[in-house]
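Undergrad: Quick one: this structure, given as structure tokens, is what I'll be asking you about.
The values are calculated or read from the model by the stated rules, or taken from the named source; none is laboratory data. Because the structure is a prediction, the values reported are computed rather than measured. In case anyone asks, the SASA skips ligands and DNA or RNA and just uses the protein heavy atoms, side chains included. Shrake-Rupley method; radii C 1.70, N 1.55, O 1.52, S 1.80 Å.
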Amino acid sequence: MANKVVTFGEIMMRLTPPNYLRIVQAESFDVTYGGGEANVAVSLANYGEEAYFVTKVPDNPVGQAAVNHLRRYGVRTDYVVRGGERLGIYFNEIGASQRPSLVVYDRKYSAISGAKPEEFDWERILIGARWFHFTGITPALGDNLAQACLDAVKTAKKLGVTVSCDLNYRKKLWSPEKAREVMTALMEYVDVAIGNEEDAEKVFGIKAASSDVTKGVLNEEGYREVASQLLEKFSLKGVAITLRESFSAFDNGWSGLYYDGKEFYKSRRYEIHIVDRVGGGDAFAGGLIYALVNGYSPQDAVEFAAAASCLKHSIVGDFNHVTLSEVKNLMKGDASGRVQR
Ligand SMILES: O=C(O)C(=O)C[C@H](O)[C@H](O)CO
């Protein structure tokens, strides 16, 4: 039976110049939609779960288009609130070679960022849910949204719903000091934290003491230290970290680490060619939630999450348009990329 999983955050219209054009050159944009928590909901819907995305969108065709887009991929939108002024937009210029990708946000005064905490009836939303997920992006949208997140996680705890949080630090939305204050209060209610070493350092000042850095990335020991400090600081049940090794635009390593307070579980390492990296962390989070809610062992959970995330890097747009069997096949070792007939 499908598990009810709820995620909460902002969905934006994503405008991407076609064919690697720069924003200043573009005469048209490809339209997709995305947002950290919406991306996770799509992953879970793709794997067959009853995934609900909670947000607020303007009561106009632009808001409806975002909702329709979620529905198209099987995400439940029953608890989406309508009203407010506008849907946030983000421009994503796809980098190539040594030119990095670029994100320009146009999200101020979006409907969700102006939502009042009392617009979300968490008792109704979370009833019967197995899992609630949010990221550090949602409380960064304003004190009202930080309060809504707090209401949600408190209700989740009351109802026995497992809570995960992807730290997802966004420097364009808030300062590290503000992030630390708000996230510290929320972490008290979190069971599973997801992030990377940059998030842990920026938000909580957590870094590996033996910061032995090879080619600009932590070694595995460093990642373990970050995971265990996070787990201990907030008495978490588990911490998952994505390990990215970007040696160059052409040589990228990708893997995951999960720590349950007793043991470290490391996934296999994938060499990835990046088509679109946006949403890679959300694909990891979606995979991890799917695996844990379905009782996978910690090792299999981190393997599933890493395989899901590896596949996302090959897909244009924020959403991870993969099936359960595609993830399972890669997880079992079929990384040939051969044509499937
Ligand atoms: O950056 C944000 O706030 C977004 O939500 C846009 C992307 O969907 C997100 O960065 C992917 O994790």
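Undergrad: Please report, as a whole percent, how much of the solvent-accessible surface of the chain comes from carbon and sulfur atoms (probe radius 1.4 Å).
TA: Details: 7340 of 14720 Å².
Answer for the chain: carbon and sulfur cover 50 percent of the accessible area.
Undergrad: In percent, what relative contact order does the chain have, based on Cα pairs under 8 Å that are 6 or more apart in sequence? Intermediate values should be presented prior to the final figure.
TA: Details: 735 pairs, mean separation 49.8, N = 341.
Relative contact order of the chain: 15 percent.
Undergrad: How much mean residue ellipticity at 222 nm does the chain get from its helices, if each DSSP H run of length 4 or more adds -39500 (n - 2.57) and you divide by all residues, to the nearest 500 deg cm²/dmol? Provide the component values of the computation, followed by the final result.
TA: Values: 11 runs with 121 residues, N = 341.
Calculated at 222 nm, the ellipticity per residue is -10500 deg cm²/dmol.
Undergrad: Considering only C-alpha atoms, what is the centroid distance from the stretch 60-122 to the stretch 1-30, in Å?
TA: Rounded to whole Å, the Cα centres lie 9 Å apart.
Undergrad: How much accessible area per residue does the chain have, in Å², with a 1.4 Å probe? Intermediate results must be reported in sequence, preceding the final value.
TA: Details: 14720 Å² over 341 residues.
With the other protein chains kept in place, the chain gives 43 Å² per residue.
Undergrad: Right, next: Kirkwood hydrodynamic radius, the chain, all distinct C-alpha pairs: what's the number in Å? Intermediate values should be presented prior to the final figure.
TA: On the way: mean 1/r = 0.0499 Å⁻¹.
The Cα-based Kirkwood calculation yields 20.0 Å.
Undergrad: List every residue whose amide H lies under 5 Å from the amide H of Gly95, counting only residues 5 or more places away in sequence or on a different chain, with H placed 1.01 Å from N in the peptide plane.
TA: Under 5 Å from the amide H of Gly95: Ser101, Leu102.
Undergrad: For Lys172 and Arg338 in one chain, what is 0.36 nm times their gap in residues minus the Cα-Cα distance, to one decimal in nm? Spell out each step's value before the answer.
TA: Details: separation 166, 0.36 × 166 = 59.76 nm, distance 4.03 nm.
Computed gain between Lys172 and Arg338 is 55.7 nm.
Undergrad: Let me ask something else about it. Could you list, in their original order, any pairs among Lys4/Lys154; Lys4/Lys266; Lys233/Lys262 whose Cα atoms are separated by more than 21 Å? Each step should come with its number before you reach the end.
TA: Numbers: Lys4/Lys154 18 Å; Lys4/Lys266 28 Å; Lys233/Lys262 15 Å.
Over 21 Å apart, Cα to Cα: Lys4/Lys266.
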